[in-house]
Structure formats: C-alpha cells, structure tokens
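Just below is one structure, and these are the notes that go with it.
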C-alpha cells in the first residue's frame, strides 16, 4: 500500500517542483548553517506570489494548444502599473478605481491580442510580441518616466506579513484555488482543456472555440494587469522595466509546474512549487557566490532537469 501511494505521488507532475524547491532551500540553509532560513522562505513566498499571478493567465493560454502563448505580459504589467499609479496619485480613496483601471488595461490588451490573432490571422507568438511594443510605448508615453508612490494602504497590504507569511501570498493561494475550480469544474475551463487536446474535435462537437480563445486571452491580460497593480504597490511605484523579468518566468513557471506545452493539460498547484523553485534557485546561487554567467548556466540545467522529471514521462505517453 505504501509503495502504491509513493507511485501515485511520483506520477504527480507538480511534485517534482516542490521537491526541487525543498532541496534547494535545504542546500541554502546548510551553507549558512541554518541562519536566515525562515527569512528566505518569507521572501520566496513574497516574490513567488507575483510570478504565480501572471502564470495563472499564461497557463490558461498555453493550455489552449500548441503555438498559444502571450508575450505581451511584461508590457501589460508596466502599462497597468503606470496608469493605475498615476490615477490613484497616492490617495487611499482611489485604490478601488485604480484596481479597476489596471484590470481594464489588461482586458484591453487581451482584446487587442485576440483581434490580431483572429481577424488578421497572425500567429499568437507574433501577435502578442508585436502588441507588446505598442503597449510598452503607450506606458512610456503615459508615465513619462515619473515614479509615483502607491497609496499607503495598498503598500501596506502588499507588504503585510503575519507570522512570517505574506498576506498577499495567502490571497494569491485563494485565487489559485478559485481558478483551479474554474478550470476543472466549469464549462469554460473544460472547453479550454478540450481545445488543447483536439481543437478540431472540439469545434465539431459544437464547443464555442472562438469565444473560449477570446476569453482566455482577455483573462491572461487581466491577470497581468492585476499583477502590475499589486507589484507597483509592493515595490513603491511603477517602473518601466518592472515587467521584464516575467516574460520568460511566466512560461517557465507554467512548464516547470507540470502544465503540458502541447496543451490540453494544466496544473495549477504546481505553479507555486515552480515559482518557489526559481526564486530559491537564484538565492542559493547568490549565497554560494557564483557569478552571473555560472548562475545562468546552472539555472538552465536545473530547470531542464526538473522539466524532464515533471513532464518527460507524461509527454512520452
């Protein structure tokens, strides 16, 4: 029975990301002789939260099937952060309007992305990459490089830590659970999965293929907008490069977390393990004193190893 339980656990694609994160954390605290282990975990949770938020939207897009990916996420984060911070202008009373505006920016980018894909028949990777330049230009023009501080209440919420656990991370876990229910228990979520498994069969079955794709790109944009809003509050204001690190990170977190790059299979719990793994990996390499070049090489090798363990067997089937 114990052997059967271990086999079932080993088959879970998200397990390897968590095991990798745990191993890296243990290696880090072993090097520091146990000092700062709790602080490292707190920091990992804080920064992993933002990676998970954008990865949720990216995961839905990737689940649609081969070729579906949103490369406009970094620009959307920057635009949403810049516009919402300028509108709120540091006033607590404008927190809710700022949130709605940030979400609106993301929704607008999502609509534009799908228009390029559907109406002009441009491949998603090209369409979203092209729109990212337009969106980023709009952010630069709108903000003019001015960094406006977030409202105090928003800054306090995004940096609030209770018993070593960031409150924002708890909220993101709840959001992850909700989106997991949406994916597995709603018609929309099951249609996303069906499209990734066989788009032609889904269309012949009468599923709303175009509406589902449209909603998914809009959803991804909305999550990027939300991330820009929260990240601006966490970092003390919007910056023009604030979204740059989420271009490849959003894809890496999705893949390492157990979602199939071929589409048709998604895994939300694995996003947290993957996001924690990536942050802890960089922390460990910095702690060991590796240079930037060595860090990049080792990061790439470890990511390849985790992806192979998490997805190789399932993809081979």
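Read the figures in this text as sums done on the coordinates, not as results from a lab. What you are looking at is a predicted structure, and each value in this text was computed from that prediction instead of being measured. Here Cβ is always computed from backbone atoms with ideal geometry, including for glycine, and neighbour counts include all displayed protein chains.
Mean residue ellipticity at 222 nm from the helices of the chain, using -39,500 (n - 2.57) per DSSP H segment of n ≥ 4 over the full residue count, to the nearest 500 deg cm²/dmol?
Helices in the chain give a 222 nm mean residue ellipticity of -25000 deg cm²/dmol.
Can you put 246, 217 in order of Cβ neighbours within 10 angstrom, beginning with the fewest? Walk me through the numbers before you get to the answer.
Values: 246 25, 217 31.
By the 10 Å Cβ count, ascending, the order reads 246, 217.
Where is the GNM fluctuation largest for the chain (alpha-carbon springs, 10 angstrom cutoff): 73, 187, 148?
Per the Cα network of the chain with a 10 Å cutoff, 187 tops the list.
Just to confirm my numbers, what's the Cα centroid distance between the stretch 155-214 and the stretch 20-96 in Å?
16 Å
Which of 166, 97, 150 moves most in a GNM of the chain, Cα contacts under 10 Å?
Among 166, 97, 150, the largest mean-square fluctuation in the Gaussian network model of the chain belongs to 97.
Calculate the spin-label point distance for residue 301 paired with residue 91, positioning each point 7 Å from the Cα along the beta-carbon direction, and give it in nanometres.
Each label point lies 7 Å from its Cα, and together they span 5.6 nm.
Taking the Cβ-Cβ separation of residue 188 and residue 35 as r and a Förster radius of 41 Å, what is the calculated FRET efficiency to the nearest 0.05?
Step by step, r from the Cβ atoms, then E = 0.30.
With a cut-off of 8 Å between alpha carbons and a minimum separation of six or more residues, what is the relative contact order of the chain in percent?
36 percent
Please check: in the Gaussian network model of the chain (C-alpha springs, under 10 Å), which one of 253, 54, 209 has the largest mean-square fluctuation.
209
Let me make sure I get this right: for the chain, a, b and c are the square roots of the gyration tensor eigenvalues over alpha carbons, sorted descending. Under 1.5 in a/c it's rounded, otherwise prolate if a/b > b/c, else oblate. Which is it?
oblate
How do 259, 63 rank when sorted from fewest to most other Cβ atoms within 10 Å of their own Cβ?
Arranged by neighbour count, lowest to highest, 259, 63 become 63, 259.
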